[in-house]
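Heads up, the thing below is written out as structure tokens.
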Amino acid sequence: MPVSAQEKARPIFILSTGRAGSTILTWSLGQHPNIIPQEESNWLGPFAIDAAVGYKRGTLRGERGQLSANFIERDELLAALGDAIDRLLVSHRHKFENPDLRGRAGWALPPFPVSRAENEPKRRWVDGTPEYSLYVCALRKLFPEALFVHLVRDVADVVRSLLNFRPYGNRLVHTEQEAYEYWLRRARAGVEAERAYGPQRVYRMQYADLVTQPDKAMASLLKYVGEPYAPECLEPLKVRINSSEVGARFDERDPSTDPEVREQAKLLSVDLLTAPPPRAADPGTAAKLEADFDQRVEYFSALEGRLGEATDLIRRLQQEGAVIPTPSSG
């Protein structure tokens, strides 16, 4: 039976440059009776590309191929996969927060409640993976009804936080220049998503508003995502989690940083913090993102073929007695 429009997946994705408050905003929205907070996933964007590669593989034989013979379109397949993922995540909500299951796995409980009462509907979920700023078109393939929140924070604060952030003991960036480049790539992607899909799909939110006027900021955000106001969404904002713990005396300035890169980032940051977002979607930018998605699919499709050719060549050379050198670790 076809999934009705009301039953279709309507997840919320928080787009950010990282170190911009996406984690705490995810858990804040997740306190709403109808929204499940999710740990960062980081697989859905690449999965959409993989699924599109699979569709290409499944239609190569034309009328002799299963997908083609059933007149299944690519976007139809990806949206059906997205609906299945949505149902699976929603149905596993109680497992996600089950202390016995998590204890047996050696995992800590989530930092905030997932459900506050058994009768909460929790029909939607929110994901704050920063990398998804680079996969908005792919995510829309899986979830055509998804909404996106572009969370922006002053670049100087993000750079300082990036340089002091060490998840699992590893640094995301090592230099001030890397931090600015990291920020620029994701901020530009967020801007492009705003232009492509307009304010009905991408909502720009200021991190500073969450800090200085949380009640007003949360009320506006919940109105945008189509959910009634819930004061419990403010509770996580009172707690500091996932912090980089930037010291007051920390100085991020590095004389080797390209001043042009620093200036580009600062100008874009000012624009995001002061200029209004686009008033309407731009079909030209949307078409560009669509073309970028298709290009990624073609790249990985061709990569699969080249891998097969390389494997065949190595096998043939080994059969002929050739010595295949092992790649140097140095």
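Would you call residue 225 modelled with pLDDT under 95, under 21 Å from residue 128 (Cα atoms) and of a type in the set (A, V, I, L, M)?
Details: modelled with pLDDT under 95: no; under 21 Å from residue 128 (Cα atoms): yes; of a type in the set (A, V, I, L, M): yes.
For residue 225, the condition - modelled with pLDDT under 95, under 21 Å from residue 128 (Cα atoms) and of a type in the set (A, V, I, L, M) - is not met.
Only residues in segment 269-291 that are in contact (Cβ under 8 Å) with a residue 24 or more places away in the chain count as the first member; pair them with residues that are aromatic (Phe, Trp, Tyr), Cβ under 6 angstrom, at least 6 apart or cross-chain, and list the lot.
281/197
Taking into account only those residues within segment 15-30 that are more than 13 Å from residue 209 (Cα to Cα) and hydrophobic (A, V, I, L, M, F, W, C), which is nearest to the chain's Cα centre (by Cα)? Steps first, please.
Step one: list which residues in segment 15-30 are more than 13 Å from residue 209 (Cα to Cα), which gives 15-19, 22-24, 26-30.
Subset that is hydrophobic (A, V, I, L, M, F, W, C): 15, 24, 27, 29.
Values: 15: 6, 24: 15, 27: 15, 29: 16 Å.
Only one residue fits best here, namely 15.
Looking at segment 109-129, I want the residues that are at negative phi and have a partner that is of a type in the set (Val, Ile, Thr) and in a loop (DSSP other than H, G, I, E, B) with Cβ atoms under 9 Å, at least 6 apart or on another chain. Which pairs are those?
Final answer for the pair search is 111/239; 111/241; 112/239; 112/241.
Check 255, 325 and return the single one that is of a type outside the set (S, T, N, Q), loosely packed, with under 11 Cβ neighbours inside 10 Å, over 30 Å from residue 204 (Cβ atoms) and at pLDDT 90 or above. Break it down into steps so the answer makes sense when it comes.
Numbers: 325 fails: at pLDDT 90 or above.
Checking each option against the conditions leaves just 255.
Any residue in segment 86-104 that's closer than 15 Å to residue 126 by Cβ and part of a helix (DSSP H, G or I): show its pairings with residues that are of a type in the set (Phe, Trp, Tyr) and modelled with pLDDT of 95 or more at Cβ separation under 9 Å, as long as the two are six or more apart or on different chains.
Pairs found: 86/125; 86/143; 89/96; 89/125; 90/125; 93/125.
The values are calculated or read from the model by the stated rules, or taken from the named source; none is laboratory data. Keep in mind the model is a prediction, meaning the values are calculated, not measured. Neighbour counts are summed over all protein chains in view; Cβ atoms, including those assigned to glycine, are modelled from backbone coordinates with ideal geometry.
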